[in-house]
């Protein structure tokens with residue numbers, strides 16, 4: 001098993017939380033894990049990107065080779081397009097469609113969505129709206145993680161266990177909201193996959 005993942009978004013959107021959940025799940029089943037340090041400005045509003053590599057064999061480098069990423073998981077749609085050259089031809093792009101306009105010349109949203117839709121393997125979802133319906137807009141990153149779950153080659157229950165570990169100290173309500181966010185994203189992606197069939 002090998003999975004090379006680009007995580008992308010804007011500072012404050014929780015991509016490091018996504019990395020932590022995937023990392024905890026991978027470690028639980030004895031996988032090797034390497035994560036490159038975050039590039040970009042990790043302050044709120046700055047672009048953030050990280051390489052996350054999982055494997056059942058030792059990993060030499062923490063950087064993903066150009067054009068070899070198995071997935072891009074992005075909490076911001078323009079940021080998902082920024083890293084498309086890293087994605088392999090058979091790779092999956094999983095992205096939120098809600099924009100975070102942090103630059104003066106931010107492209108038109110319809111142009112960004114059109115760029116995403118050109119990618120053969122993609123799941124694009126309004127994670128913020130789904131998270132609000134669950135009861136916490138802050139869980140949009142976990143909705144995106146849920147949408148990526150079918151393509152991670154990790155058992156879904158491992159991600160649930162990781163959420164319990166990560167958020168357990170914050171109480172049952174916070175854990176419950178995050179588990180619901182994970183499931184909502186997962187269900188959205190599964191409907192998309194079944195629709196392709």
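Selection of helices (runs of 4 or more DSSP H) fully inside the range 111-182 by the criterion of at least 3 residues being over 19 Å from residue 94 (Cβ atoms) and touching a residue at least 12 places away in the same chain (Cβ under 8 Å) returns 156-167.
Just checking, does the range 79-99 include any residue being at pLDDT below 95, in a helix (DSSP H, G or I) and within 15 Å of residue 185 (Cα to Cα)? Within the range 79-99, not a single residue is at pLDDT below 95, in a helix (DSSP H, G or I) and within 15 Å of residue 185 (Cα to Cα). Is it the case, given these coordinates, that residue 68 is crowded, with 17+ Cβ neighbours inside 10 Å and out of contact with any helix residue (DSSP H, G or I) (no Cβ under 6 Å at 6 or more places or on another chain)? Considered against the rule, which asks whether it is crowded, with 17+ Cβ neighbours inside 10 Å and out of contact with any helix residue (DSSP H, G or I) (no Cβ under 6 Å at 6 or more places or on another chain), residue 68 comes out as no. Within the range 123-136, being in contact with a helix residue (DSSP H, G or I) (Cβ under 6 Å, 6 or more places away or on another chain) and within 16 Å of residue 74 (Cα to Cα) holds for 123, 124, 125, 127, 128, 130, 131. Within the range 4-26, the residues that satisfy the criterion of being part of a helix (DSSP H, G or I), closer than 20 Å to residue 84 by Cα and touching a residue at least 40 places away in the same chain (Cβ under 8 Å) are 15, 18.
Scanning the range 120-164 for residues being over 24 Å from residue 2 (Cα atoms) and either more than 14 Å from the chain's Cα centre (by Cα) or surrounded by fewer than 24 Cβ atoms within 10 Å (Cβ to Cβ) (or both) gives a total of 14. Annotation: of all residues in the range 27-54 being surrounded by fewer than 16 Cβ atoms within 10 Å (Cβ to Cβ) and assigned to a strand (DSSP E or B), the one that is modelled with the lowest pLDDT is 39. Here residue 14 qualifies as modelled with pLDDT under 95, surrounded by 16 or more Cβ atoms within 10 Å (Cβ to Cβ), within 23 Å of residue 157 (Cα to Cα) and in contact with a helix residue (DSSP H, G or I) (Cβ under 9 Å, 6 or more places away or on another chain).
The values are calculated or read from the model by the stated rules, or taken from the named source; none is laboratory data. Fair warning: this is a prediction, and the values are worked out from it, not measured in the lab. Cβ atoms come from the backbone with ideal geometry, glycine included; neighbour counts cover every protein chain shown.
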